[in-house]
Amino acid sequence: MIRVEKIAIHEFRGIRDLTLQLNGKTFAVCGPNGTGKSGIVDALEFALTGNISRLSGTGTGDISVKEHGPHVDSRNKPEQASVTLTVSIPSLGKTATIYRNIKNVRIPKIEPDDPKVRAVLDQVSLHPEFALSRRELIRYVLAEPGKRSKEVQALLRLDELETLRSTFQKIANNCEKAVAPLERAKKDTTDRLVTALAIPLLTTANLLGGINERRATLALAPLTVLEANTSIKDGLATAAGTNLTSRVPKTQALADLKAARDGVTSLTGASMVAACNGAAEMVTKLGKDAESLDGVSREALLKSALALFDDHTCPVCDTPWEPAEFRKIVTAKLQHFDQISRKRAAVGQVVLPILEQLEQISSGLLLVAAYGPLLNPVVGVEAITDFATTNMATVAQLKNLIPLIDTLDVLEHITSIPDAVVTTLHALNTAVAALPEPNHQDAARDYLTVGQERLEALWRASLDLKATEEKAKTSRAVFDLYGQVTTNALDEIYKKVEASFKTLYRAINHEDEANFEAQLKPSIGKLGFDVDFYGRGFFPPGAYHSEGHQDGMGLCLYLALMTHLLGKGFTFAVLDDVLMSVDAGHRREVSKLLSEQFPNTQFILTTHDEIWLRHMKTVGLIESKSFAHFRTWHVDAGPTEWDDRDVWEELDGYMAKNDVRSAAALLRHYLEHFSKELCQRLRAQVEFRGDAQFMLGELLPNAIGSMKRQLKAGKSVAQSWGQPENIASINALETSFGNAATQSNVEQWQVNAAVHYNEWATLQKADFKPVVGAFKALTEAFRCADCMDFFYVSPERGEKESLRCACGIININLLKKAGN
């Protein structure tokens, strides 16, 4: 991937104008809450992806990158809100610059505009998880198995596996749903065939018995088998004594009419009335629940949007979307309606017998309606065809369920039968009954003709059902096989991730959890995550482990996943305040872990805890100048660093306005910050305070005293080694440093540490200006004139070996010659 060399931020979020030199190394940003640390994270993410995750996703409401990415004073000038990122690309051995502004968020300017460079940067943009906050971190640990699976697979770029699995499942479910209607259709055609042939049960023996009896009447050869291509009326056209003109088969028509009348009458029966009332009661309850009612409507809308999405624009608002992002958002919203879906499914089970009966009745009505035009005189059948059409519309409404008010309306009218329907059925029955009785030959002909039609209908229904059952069986087998294969593959991946996770977690908790174990348990659509609790068994991380341990688990799991995903390409990650609930002792171990286990990864870390920052320095995670320390933030100026030039310039500004009170406060706060750093670097002894809140009088005199002791020790060591030239250079440094300390009058604070800085605010400009100059000179005396680095004692622990600066020009030996 990449490493960041430099970032320049202009009018972006809370930052007016800021440039940081990262030099491709791990870098920390420290400062109190609200000083602009997260603005750096947002800028990095924006430059690389064009997005700011903090301003998108669930819970952000009307917040957007376009509207709220620019600084509040530049919100009407989005072209001014920009980030320029200089990155090195180790795999190409090249350096590139990315410029992106809010106005043209999707069109970054890249130099050099090389296809290989763009390919690397495109890959980075596909991995927005390089920026990790505690909000993202904890979802890997405490999420439900289904959500964790999606989050982890998205990070591993395996989310298409889940998308394809969902597609296979949808296909299998749809194929299986298609079986039930075809089973009902086959039953209907079976019932009609049994009715037409007047047999008690549909068996081959019964069929051949009835058919051959009528064929014998017509002097036709008997049939021995019934197959799909068998015609039971074969030879009927040449049989003697048959009338082949079109007419109504009286016997079969009367049987069909009886079935139709019985079906219509059943609508007013007690069982149908009870079924409709029960369904109406459930629908009414669903409608009274405003959340459920809204959910049912929104669920339908979301499902339609998902089905109509063309991989380019939202079908509702025509907004362009990335396909994966659109489906992820809509699918996530649909998951909120699981409970509502279960309620809806329960109603669906209740109305299922109702709609099945309506389908059967409508089919029977349309069957007998065909007899009307064949009668003489013709019988009008509009009433029963309209009623059949109404019933089928009712069926469609019961299947859809929404709008709920329409479902209640159709349930109320199902048991109401129009008088015209009863009258029409009676008229048809009267007209058919009045037909002359057919002779034996005509009756046999009607039997075979109608039987052939209905037998063919049964065969078609059977073939359709069989084909659909095979399709359902095949689609379910494909889904099951895909699930098995992907689960096995994911299981192998998760085993590797699990092993890496355990190793990392043990490293930062070796004192009390050296034998820590964990289990990643993948299954179809889910990823279980249980951890050992001191040998008492495996439990979810949130069951017994503290919040700090959970954060540590989240970080270790993230690092294990990124290592598996990118391997040696894991060269860059942003950790935004991810471990603030971890205690100080374990932060040192985390720093050590990042430094030792990921030497080729550039981490950008933010923290509001100075102790956390010192741990990073102590273990070598960050170098002496690889950090930015923000002290405050103002809407007009943005974040302000604890940088010497910045502080002294600001002090000059206050003095020019004769604002001694503000200048005194700033100088005191800076000197407290400066003194903490010096005491750390010079290993000065300071009285311990549990709250780590040290006052200036407790720090600066001790830093000065430690510096003087190191210089004195250095002269003694040089004398033991017989190095007069070194003694002379140390004397010169000691003299200049002593003069600076005397001028600032700090040493007198040991008598009354509070007097000086408590009285600064009461001084006049002319009185306070020399104080500022004296302390500026004192701070300069603590640093090398060449590299401008503050002196420090090496090593940080154990016997003191040298007092030195970063460039090595000042390197005072503190180890005496043996025997002296």
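The values are calculated or read from the model by the stated rules, or taken from the named source; none is laboratory data. Quick caveat, the model's predicted, so the values are computed rather than measured. Cβ coordinates were reconstructed from backbone atoms using ideal geometry, including for glycine residues, and neighbour counts include every protein chain displayed. Calculation scope for accessible area: heavy atoms of the full protein, side chains included, ligands and nucleic acids excluded. Shrake-Rupley method; radii C 1.70, N 1.55, O 1.52, S 1.80 Å.
Tell me, yes or no, whether the range 455-471 has at least one residue that is surrounded by 15 or more Cβ atoms within 10 Å (Cβ to Cβ), free of Cβ contacts under 8 Å to residues at least 24 places away in the same chain and under 60 Å from the mean Cα position of the chain (by Cα). It would help to see each step written out before you state the result.
Pass one, the range 455-471, residues surrounded by 15 or more Cβ atoms within 10 Å (Cβ to Cβ): 455-459, 461-462, 464-465, 468-469, 471.
Cutting the leftovers down to free of Cβ contacts under 8 Å to residues at least 24 places away in the same chain gives us 456.
So of that shortlist, the ones also under 60 Å from the mean Cα position of the chain (by Cα) come out as 456.
There is at least one residue in the range 455-471 that is surrounded by 15 or more Cβ atoms within 10 Å (Cβ to Cβ), free of Cβ contacts under 8 Å to residues at least 24 places away in the same chain and under 60 Å from the mean Cα position of the chain (by Cα).
Can you confirm whether R631 is modelled with pLDDT of 80 or more, out of contact with any Cys (no Cβ under 6 Å at 6 or more places or on another chain) and part of a strand (DSSP E or B)? First the steps, then the outcome.
Values: modelled with pLDDT of 80 or more: yes; out of contact with any Cys (no Cβ under 6 Å at 6 or more places or on another chain): yes; part of a strand (DSSP E or B): yes.
Yes: the conditions hold for R631.
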Q | Matching residues in the range 191-200 - criterion: being part of a helix (DSSP H, G or I) and small (G, A, S) | A | A196
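Which of the helices (runs of 4 or more DSSP H) contained wholly in the range 83-190 include at least 1 residues that are over 21 Å from M562 (Cα atoms) and open to solvent by less than 80 Å² (accessible area, probe 1.4 Å)? Quick ask: steps written out before the conclusion?
Working: elements: 115-125, 134-142, 145-155.
Passing ranges, in order: 115-125.
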(Q) Just to check your reading of the model, which residue among E687, E698 is under 30 Å from E759 (Cα atoms) and in contact (Cβ under 8 Å) with a residue 12 or more places away in the chain? (A) E698
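Where in the range 303-410 are the helices (runs of 4 or more DSSP H), entirely inside, with at least 3 residues that are open to solvent by less than 80 Å² (accessible area, probe 1.4 Å) and either modelled with pLDDT of 90 or more or in contact with a helix residue (DSSP H, G or I) (Cβ under 6 Å, 6 or more places away or on another chain) (or both)?
Numbers: elements: 323-335, 338-369, 382-400.
Of the helices (runs of 4 or more DSSP H) lying wholly inside the range 303-410, those with at least 3 residues that are open to solvent by less than 80 Å² (accessible area, probe 1.4 Å) and either modelled with pLDDT of 90 or more or in contact with a helix residue (DSSP H, G or I) (Cβ under 6 Å, 6 or more places away or on another chain) (or both) span 338-369, 382-400.
Do we find that P436 is open to solvent by 10 Å² or more (accessible area, probe 1.4 Å) and farther than 30 Å from L218 by Cα in this structure? Before you say what the answer is, go through the steps one by one.
Values: open to solvent by 10 Å² or more (accessible area, probe 1.4 Å): yes; farther than 30 Å from L218 by Cα: no.
Spelling it out, it is not the case that P436 is open to solvent by 10 Å² or more (accessible area, probe 1.4 Å) and farther than 30 Å from L218 by Cα.
Confirm whether K592 is at negative phi, open to solvent by 50 Å² or more (accessible area, probe 1.4 Å) and not polar (S, T, N, Q). Spell out how you get there, then give the answer.
On the way: at negative phi: yes; open to solvent by 50 Å² or more (accessible area, probe 1.4 Å): yes; not polar (S, T, N, Q): yes.
Judged against the criteria, K592 is a match.
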Q: Sort out which residues of the range 687-701 are within 46 Å of the chain's Cα centre (by Cα) and surrounded by 17 or more Cβ atoms within 10 Å (Cβ to Cβ), and write them in order of number.
A: F694
(Q) With the requirement that a residue be open to solvent by less than 30 Å² (accessible area, probe 1.4 Å), within 19 Å of A457 (Cβ to Cβ) and of a type outside the set (V, I, T), what does the range 191-222 give you? (A) L193, A196, L197, L207, L208, G210
Q.
Cβ contacts < 8 Å: first residue within 18 Å of Q397 (Cβ to Cβ) and among the β-branched types (V, I, T), restricted to the range 280-303; second residue modelled with pLDDT of 70 or more and open to solvent by 30 Å² or more (accessible area, probe 1.4 Å), any location; separation 6+ or different chain. Result?
A. V283/L408; T284/L408; V296/R344; V296/I402
Q: Taking the residues in the range 411-425 that are in a loop (DSSP other than H, G, I, E, B) and aliphatic (A, V, I, L, M) as candidates, determine which candidate is nearest to the chain's Cα centre (by Cα).
A: I414
(Q) Here are the criteria: (1) farther than 30 Å from M655 by Cα; (2) under 48 Å from the mean Cα position of the chain (by Cα). Tell me which single one L814 does not satisfy. (A) (2)
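Give A143, A119, A96 a once-over and let me know the one that is aliphatic (A, V, I, L, M) and at pLDDT below 75.
Numbers: A119 fails: at pLDDT below 75; A96 fails: at pLDDT below 75.
A143 is the lone residue from the list that is aliphatic (A, V, I, L, M) and at pLDDT below 75.
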Q: Tell me, please, whether a residue that is open to solvent by less than 70 Å² (accessible area, probe 1.4 Å), farther than 28 Å from R247 by Cα, without any contact (Cβ under 8 Å) to a residue 40 or more places away in the chain and out of contact with any Lys or Arg (no Cβ under 9 Å at 6 or more places or on another chain) can be found in the range 418-429.
A: yes
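Quick check, is A684 farther than 30 Å from A43 by Cβ, of a type in the set (A, V, I, L, M) and open to solvent by 40 Å² or more (accessible area, probe 1.4 Å)? Don't jump to the end; show me each part of the working.
Numbers: farther than 30 Å from A43 by Cβ: yes; of a type in the set (A, V, I, L, M): yes; open to solvent by 40 Å² or more (accessible area, probe 1.4 Å): no.
Answer is no for this residue.
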Q: Just give me the residues in the range 639-681 being of a type in the set (K, R), under 20 Å from C784 (Cα atoms) and surrounded by fewer than 19 Cβ atoms within 10 Å (Cβ to Cβ), in sequence order.
A: R645
Q.
Against the conditions (1) hydrophobic (A, V, I, L, M, F, W, C); (2) touching a residue at least 24 places away in the same chain (Cβ under 8 Å); (3) outside any strand (DSSP E or B), where does F603 fall short? Just the number, please.
A. (3)
Q. From the set of residues in the range 500-520 that are touching a residue at least 40 places away in the same chain (Cβ under 8 Å) and either out of contact with any Leu (no Cβ under 6 Å at 6 or more places or on another chain) or not small (G, A, S) (or both), which is nearest to K150 (Cα to Cα)?
A. F501
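Which of the following residues is within 27 Å of D409 (Cβ to Cβ), surrounded by 14 or more Cβ atoms within 10 Å (Cβ to Cβ) and at pLDDT 80 or above: V273, V264, V248, V296? Even if it seems obvious, please write down each step before you answer.
Details: V273 fails: surrounded by 14 or more Cβ atoms within 10 Å (Cβ to Cβ); V248 fails: within 27 Å of D409 (Cβ to Cβ); V296 fails: at pLDDT 80 or above.
Answer to the check: V264.
Quick one: in the range 148-168, which of the residues that are acidic (D, E) and modelled with pLDDT of 70 or more is nearest to L520 (Cα to Cα)?
E151
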Q: Collect the residues in the range 559-577 that are under 18 Å from S591 (Cβ atoms) and free of Cβ contacts under 8 Å to residues at least 60 places away in the same chain, keeping them in residue-number order.
A: L559
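I'd like to check something: does the range 455-470 contain any residue that is touching a Cys at 6+ places or on another chain (Cβ under 8 Å) and part of a helix (DSSP H, G or I)?
Step one: of the range 455-470, the residues touching a Cys at 6+ places or on another chain (Cβ under 8 Å) are 468.
Subsequent filtering for residues that are part of a helix (DSSP H, G or I) retains 468.
Yes; the residues of the range 455-470 include at least one that is touching a Cys at 6+ places or on another chain (Cβ under 8 Å) and part of a helix (DSSP H, G or I).
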